[in-house]
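The values are calculated or read from the model by the stated rules, or taken from the named source; none is laboratory data. As the structure is a prediction and not an experimental result, all values here were calculated from the model. Please note: Cβ atoms are built from the backbone with ideal geometry, for glycine as well, and neighbour counts cover all protein chains shown.
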Amino acid sequence: MDYSKQIDKLRHSCAHIMAQAVKELWPEVKVTIGPAIDDGFYYDFERKEPFTDEDLAVIEKKMRQIIEKKPVFKQSFMPKDKAIEFFTKQGETYKVELIQALPDKEVSLFTTGENGFVDLCKGPHVENAGEIKAFKLLSVAGSYWHGDEDNARLQRIYGTCFENKEALDEHLKLLDEAQKRDHRKLGVQLDLFNFYHEEAGAGLVFYHPDGAMLRKIVTDYIQEENLRRDYQIVTTPHILKGNLWQQSGHAGYYRENMYFFEVDKEEFAVKPMNCPGHVLIYKSHTRSYRDMPIKYFELGTVYRREKAGVLHGLLRVRGFTQDDAHIFCRREQIKEQIMQVIDFVFSVMKDFGFSEFNIELSTRPEKFIGKVEDWDEATKALENALIEKKLKYQINEGDGAFYGPKIDIKLRDALKREWQCATIQCDFALPQRFDMAYVNEEGKEDRPIMIHRAILGSVERFIGTLIEHYGGAFPVWLSPKQVLIIPIKEDIADFANKVKEELQSKNIRVIIDSRNESLNKRIREGTMSKVPYILVVGAKEKETQAVSVRKYAKGDLGVMPYTAFIEKIQEEIKNKI
């Protein structure tokens, strides 16, 4: 059997056992749903009192008691009206609502053991709970029924389950490392950013000096890489008339995620995307086939109306910047342009230290604009580019954008976790909606094709990814502070400043810590701030024009002439080591 299906079956069965344990411990609790998810499972409950860490330990103990009896998971079927009556008597209002929404005349139920816990479920499950060998309850989080903030607030218990203790222990070790690398904690610890939810509003990022420097390094890099590939930089307004969003289709398909407001009795919206602005720039001139492809790039800040419950550090915010670009090309240029973007993605990710990827091709969703035949051609163009590049990919049915199919390139970090960054979308619909044209070889008007692409995706999310990938200990070229100089005594200040000026003249980011603190304390605090290099200078170093070099995570590298150190660090920066 497929391993992923088997492990999902195991985890889903474990979720049922958890729900049974909760109901036995607190009969008044109402149950909702409990699916298997990546790396584990969860179950949502309605309970007045919050679940605590102590409660999780009690639930785990009860689960083990149930599992020891090896109850069988038995499937049965019940007429829909009888099932509604059954769960109504139990006070399980959420199950009743789920059954009422089902189109079937009968529903599938699973019972755990003789006269045990009964749940609305299609399965599949393991044969008996004794097959559950290694599990752990991890945390409690808030959730809403159907994910809607207007519905009842629930409590979600997360857990994980593996086929054996060794696999579970390995996963828990990775989770512990992931907690240490959590960008939200490191962002505060390294003084990179904060959110100030109460004062400013949720989901809005405030970059502190070091965070703003990190952001500048990332955005300067991606801007230069775009210029090297013949993209033209453009800038578009943050607000646009509502009619423009109607024309693009965003108002019809994306309105609940947008901020609309009125100016002089006319509707405007804060942009959630940059596409319509780039279309207007394209339409400002008559275009010739000789001009194609035309490539516009913008570091465009956009705003999306995300629900409070899904906001998550830098990874899910309401205001963020995209490294957004649109390529306007002829039909026969589509595949070549897509292949160039794929190469661009891999080149950038290599520089940032990523080498493993998963690729998905997402096809036409239920709600879409444009013609089916255009969608088929666009999808084929994306697929042909992947095939020609000899890249492995998975089909993600129905998950394309409303205006076109897309390729998503998900990178894997140091802990093998997936992160969504780059996307390439092929769009026949918006050029038609905006009546875009170019003059072809025969002097007649033809319709361009529009390729939407982002390499980093959201700059905020990418920075969060970098922080967790490196655990805040960035390679030298990325580090907001690259060198910390610590003069042992005050009378070394002139030499310390000389070294600092020499480094700064080579565009190296450097600071001096000349506080009246012990040398060990200053070294310790510099190490905790994860500065790549610490240079200690004393009387001997001043006399020999040298520096004592310490490298983060490697310790003392010995003494070398400061000119030699400058050459060394310049080489690391140049080669993005």
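For every residue, the table says whether it meets (1) touching a helix residue (DSSP H, G or I) at 6+ places or on another chain (Cβ under 8 Å); (2) in contact (Cβ under 8 Å) with a residue 12 or more places away in the chain; (3) small (Gly, Ala, Ser); (4) surrounded by fewer than 18 Cβ atoms within 10 Å (Cβ to Cβ).
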site: VAL107; (1), (2), (3), (4): yes, yes, no, no
site: PHE110; (1), (2), (3), (4): yes, yes, no, no
site: ASP119; (1), (2), (3), (4): yes, yes, no, no
site: ALA152; (1), (2), (3), (4): yes, yes, yes, yes
site: THR160; (1), (2), (3), (4): yes, yes, no, no
site: LEU168; (1), (2), (3), (4): no, yes, no, yes
site: LEU175; (1), (2), (3), (4): no, yes, no, yes
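I'm checking my understanding of the structure. Among residues of the stretch 29-40 that are of a type outside the set (A, V, I, L, M), part of a loop (DSSP other than H, G, I, E, B) and touching a residue at least 12 places away in the same chain (Cβ under 8 Å), which one is nearest to ALA101 (Cα to Cα)?
THR32
In the stretch 37-58, what residues are under 19 Å from VAL118 (Cβ atoms), crowded, with 19+ Cβ neighbours inside 10 Å and out of contact with any Pro (no Cβ under 8 Å at 6 or more places or on another chain)?
First, pick out the residues of the stretch 37-58 that are under 19 Å from VAL118 (Cβ atoms): 41, 43-46.
Next, only the ones that are crowded, with 19+ Cβ neighbours inside 10 Å stay: 41, 43-45.
The answer is TYR43, ASP44, PHE45.
Which ones in the stretch 317-374 are in contact (Cβ under 8 Å) with a residue 60 or more places away in the chain, of a type in the set (Lys, Arg) and buried (at least 16 other Cβ atoms within 10 Å of the Cβ)?
Correct list: ARG318, ARG330.
For every residue, the table says whether it meets (1) assigned to a helix (DSSP H, G or I); (2) of a type in the set (Val, Ile, Thr); (3) modelled with pLDDT under 95; (4) closer than 24 Å to LEU138 by Cβ.
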| position | (1), (2), (3), (4) |
| --- | --- |
| CYS14 | yes, no, no, yes |
| TYR42 | no, no, no, yes |
| LEU56 | yes, no, no, yes |
| LYS61 | yes, no, no, yes |
| ARG64 | yes, no, no, yes |
| LYS74 | no, no, yes, no |
| VAL107 | no, yes, yes, no |
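Mind telling me which of the residues GLU336, GLU256, GLU306 ends up being of a type in the set (D, E, K, R) and either over 28 Å from GLY464 (Cα atoms) or not assigned by TED's automatic domain parsing to the domain that holds ASN384 (or both)?
Checking each option against the conditions leaves just GLU336.
Of the residues ILE157, ILE222, which single one is among the β-branched types (Val, Ile, Thr) and part of a helix (DSSP H, G or I)? So that I can check it myself, show each step before the final result.
Working: ILE157 fails: part of a helix (DSSP H, G or I).
Being among the β-branched types (Val, Ile, Thr) and part of a helix (DSSP H, G or I) holds for just one of ILE157, ILE222, which is ILE222.
Considering only residues that are outside any helix (DSSP H, G or I) and loosely packed, with under 13 Cβ neighbours inside 10 Å, which ones fall in the stretch 199-219? Outline the logic, then answer.
Filtering the stretch 199-219 down to residues outside any helix (DSSP H, G or I) leaves 201-208.
Residues satisfying the conditions are GLY201, PHE206.
Of all residues in the stretch 505-520, how many are surrounded by 12 or more Cβ atoms within 10 Å (Cβ to Cβ) and more than 18 Å from GLU571 (Cβ to Cβ)? Even if it seems obvious, please write down each step before you answer.
Initial filter on the stretch 505-520 (surrounded by 12 or more Cβ atoms within 10 Å (Cβ to Cβ)): 506, 508-514, 517, 519.
Imposing the further condition that a residue be more than 18 Å from GLU571 (Cβ to Cβ) reduces the set to 511-514, 517, 519.
Result for the stretch 505-520: 6.
Do we find a residue being of a type in the set (A, V, I, L, M, F, W, C), surrounded by fewer than 20 Cβ atoms within 10 Å (Cβ to Cβ), in contact with a Gly (Cβ under 7 Å, 6 or more places away or on another chain) and not in a strand (DSSP E or B) anywhere in the stretch 286-309?
Checked against the condition, which is being of a type in the set (A, V, I, L, M, F, W, C), surrounded by fewer than 20 Cβ atoms within 10 Å (Cβ to Cβ), in contact with a Gly (Cβ under 7 Å, 6 or more places away or on another chain) and not in a strand (DSSP E or B), the stretch 286-309 yields no hits at all.
State whether one or more residues within the stretch 263-279 are assigned to a loop (DSSP other than H, G, I, E, B), surrounded by 19 or more Cβ atoms within 10 Å (Cβ to Cβ), touching a residue at least 40 places away in the same chain (Cβ under 8 Å) and out of contact with any Pro (no Cβ under 7 Å at 6 or more places or on another chain).
yes
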